[in-house]
Amino acid sequence: MSEPFLTITDLHAGYGAAKVLHGLSFSVDRGEICAILGPNGAGKTTLLRALSGMVRTSGGIRLDDADIAGRNPEAIARRGVAHVPEGRGTFGPLTVEENLRLGAYPRRDRAGVETDLNRVFDFFPVLRDKRRDVAGGLSGGQQQMLAIGRALMLRPRLLLLDEPSLGLSPLVTQELFGLIATINEQERITVLVVEQNAHLALGISSHAHVLETGRIVLSGTAAEIRSDEKVVQSYLGYRV
Ligand code: ATP
């Protein structure tokens, strides 16, 4: 049975005087992958920043049974929200392993961290092979895997992914989305993924919301959204 895990109510956010999100309301069920689609500048990144406490917000954000609206990023991370930003945010001069260990910074359980490091290496064997290499030398796809791996080191309950396909070849992107689906299934992590590549995102999601100029203009199951010609043409362009 579906059960809301993340509930957003009348969420507003922006940068100083610039208002970007104008009253978003939706929920994400526990354990599902939910996609946020929409054109450049729609506010998708701002939505993820709002959820992880990086921009000022008004409105409600509930994670499970906790109100996280207005909390700082560290407090939100401690609640189990891991954010993989656009551009990945890995540290180029540090090794793969150092980057992964940084992801576990709020944790105190050392043994658990070692177990999770191995779990990340099992999901992304290339990272095990390159654990002593500097992150800056990895390919784009490997850096995205590292960024996701680092987020997993937090042992998150909610994973926020911002444009994971950005700058990657179609083949690498497809592999990456397959891995995201596997992680969601095996780790039972709820995933909110922002993507411009609607086709790929809808392929792994159960629900999706389309954002335009800071408002949700369409919501539905991934199947509903994919199967509606008009929707595809009006909102998602050629990308589906
Ligand atoms: P993209 O795919 O281009 O990243 P997006 O849907 O993620 O688009 P946002 O990055 O959230 O959109 O941007 C929404 C609006 O907020 C845009 O008009 C953008 O110019 C503005 N904006 C984004 N970041 C900032 C910032 N740090 N300061 C001021 N305005 C910003």
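Coordinate-derived values only; no laboratory data. On a predicted model such as this, the values are computed, not experimentally measured, just so you know. Positions of Cβ are generated from backbone atoms using ideal geometry, with glycine treated the same way; all protein chains shown enter the neighbour counts.
Fewest first, what order do ILE8, ILE216 take by the number of other Cβ atoms within 10 Å?
So the ranking, lowest neighbour count to highest, is ILE216, ILE8.
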Seminar exercise, completed: With Cα coordinates, the longest principal axis of the chain makes an angle with the long axis of helix 110-123, in degrees rounded to 10, of 70
Problem set entry | Cα-based reach from LYS19 at 17 Å (exclusive), listing lysines while leaving out same-chain residues under 8 positions away | LYS44
Exercise. In the chain, what percentage of the DSSP-assigned beta bridges are antiparallel, given to the nearest 5?
Worked result: 60
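Trypsin sites (Lys or Arg not before Pro) within the range 130-173: which are DSSP loop residues with at most 13 other Cβ atoms inside 10 Å?
ARG132
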Exercise. Fewest first, what order do ASP162, ASP122 take by the number of other Cβ atoms within 10 Å?
Worked result: ASP122, ASP162
For this session: For the range 40-109, restrict the atom set to alpha-carbon positions and state the Rg and Dmax in Å.
Result: 13.9, 40
Problem set entry | Estimated FRET transfer efficiency when R0 is 41 angstrom, pair ARG101-HIS199 (beta carbons, to 0.05) | 0.70
Problem set entry | Cα-based Kirkwood hydrodynamic radius, the range 1-94, one decimal, Å | 14.1
For this session: For the chain, just the Cα set please: Rg and Dmax, both in angstrom.
Result: 17.3, 52
Problem set entry | Calculated [θ] (222 nm, deg cm²/dmol) that DSSP helices of n ≥ 4 give over the chain, each run adding -39,500 (n - 2.57) | -10000 deg cm²/dmol
For this session: State the answer as a single residue: which of ALA50, PHE26, ILE36 lies farthest towards the positive end of the charge dipole of the range 22-79, with beta carbon charges of +1 for Lys and Arg and -1 for Asp and Glu, about the Cα centre.
Result: ALA50
Problem set entry | Exposure proxy ranking, count of Cβ atoms within 10 Å, fewest first, for MET54, MET153, MET145 | MET54, MET153, MET145
